[in-house]
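For reference, the structure is listed below as structure tokens.
The values are calculated or read from the model by the stated rules, or taken from the named source; none is laboratory data. Note that the structure is a prediction, hence the values are computed from the model and not measured. FYI the Cβ positions are ideal-geometry reconstructions off the backbone, even for glycines, and counts take in every protein chain you see.
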Amino acid sequence: MKTLVDQHGRVVRDLRISVTPRCNFRCTYCDPLGMGHRDPFGTVSVRDVAYVVDAAVGLGITSVRFTGGEPLLRKELPEMIALAKTAKVEDIAITTNATLLKRRLPELLDAGLHRVNISLDAVDEGVFKQATGGGSSKPVWEGIDELLTRGLHPVKLNAVVMRGVNDSEITKLAALTQTLPLHVRFIEYMHLNNADSEQYQKSFVPGWEIRALVEQEFGALEAVPTDPSAPARLFKVPGWIGAVGFINPVSEPFCGLCSRMRLTSDAKLRPCLLNDREFDLRPALENAEPVTAIQEMFLVAAHRKVASGITTPTQRARTMVAIGG
């Protein structure tokens, strides 16, 4: 088996596949215009995903995460998960807002899903509505409860913290880990929504400040051993069941340990989240030998993977909802 190594010596083991840019929330950090997105012409099909996953596994990729937009809006998601299972992907996950999770979870688990990450930016319903552009947290909590009932531990909850939007929810979210086997991960607001520089700086909350608020409320945190290539640094309040994590791509970039690449829903291979360089996989997908052609594109893209992405405000060709989480 080949190993996918970039020009900086980083081994690529994780692939994130966006299956749709559509979403039923309108979070400002993801969908700044609040308009949603339609599936683009050439949206990846089940067949496309099969070829890409086979190619990726042949290059040593062991983890596949299906994202969006909201991936549960894609009815074919269980078929895609089943293909990843057949290809012997070791770790199959989704990132979701969980509004449809309770209803769809049985078919996802039957297909081979291993793990779930859930976007949850607030506990308070009013703040949740503001952060998500009018969403309701009730179905999200139903999805979380269903995961815990079925024993899918740990359930990872991701909160993008923005000053004046949901920074008041930091300690409430952290408190969830006292009695529940959750990993609550606080993510620094990245400039992926083309906000103007002044507005971005006003909204940005650094990870050290988030941690300080948690420790001020609950006492000193103790470190939890973590995979060095994982984006989150995990900690616990002593005696609590769950853990809190901090993902600080702006104040503490972890590009040097990055093991990820992304496929957008319109079949563009993206080596770095914070760099707009993309490679069109459509010609390879239509090649007479698609798996081999896709692998060649992966090797080219890995060689062009930058040492670090741009974390300062800049205008981007795509906002987050179109890139994929």
- Message: Looking at Gly126, Gly143 in this structure, which one is over 18 Å from the mean Cα position of the chain (by Cα) and small (Gly, Ala, Ser)?
- Response: Gly126
- Please work out which residue is surrounded by the most Cβ atoms within 10 Å (Cβ to Cβ), limiting yourself to the range 285-296 and to residues that are closer than 17 Å to Lys268 by Cβ, among the aliphatic types (A, V, I, L, M) and touching a residue at least 24 places away in the same chain (Cβ under 8 Å). Ile294
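Would you be able to tell me the number of residues in the range 177-210 that are outside any strand (DSSP E or B) and closer than 27 Å to Val321 by Cα?
21
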- Residues located in the range 222-232, provided they are out of contact with any helix residue (DSSP H, G or I) (no Cβ under 6 Å at 6 or more places or on another chain) and either of a type in the set (A, V, I, L, M, F, W, C) or assigned to a loop (DSSP other than H, G, I, E, B) (or both): Ala223, Val224, Pro225, Thr226, Asp227, Ala230, Pro231, Ala232
- Please tell me if Ser45 is at pLDDT 95 or above, closer than 30 Å to Leu257 by Cα and either out of contact with any helix residue (DSSP H, G or I) (no Cβ under 6 Å at 6 or more places or on another chain) or surrounded by fewer than 19 Cβ atoms within 10 Å (Cβ to Cβ) (or both). no
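Here is a yes/no grid of residues against (1) more than 16 Å from the chain's Cα centre (by Cα); (2) closer than 21 Å to Ser119 by Cα:
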{"site": "Val205", "(1), (2)": "yes, yes"}
{"site": "Ile210", "(1), (2)": "yes, yes"}
{"site": "Leu221", "(1), (2)": "yes, no"}
{"site": "Ala230", "(1), (2)": "no, yes"}
{"site": "Cys255", "(1), (2)": "no, no"}
{"site": "Arg260", "(1), (2)": "no, yes"}
{"site": "Pro271", "(1), (2)": "no, no"}
{"site": "Arg277", "(1), (2)": "yes, no"}
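Is one or more of the residues making up the range 281-292 in a loop (DSSP other than H, G, I, E, B) and charged (D, E, K, R)? Don't jump to the end; show me each part of the working.
First, pick out the residues of the range 281-292 that are in a loop (DSSP other than H, G, I, E, B): 281, 286-289.
Next, only the ones that are charged (D, E, K, R) stay: 286, 289.
Among the residues of the range 281-292, at least one is in a loop (DSSP other than H, G, I, E, B) and charged (D, E, K, R), which makes the answer yes.
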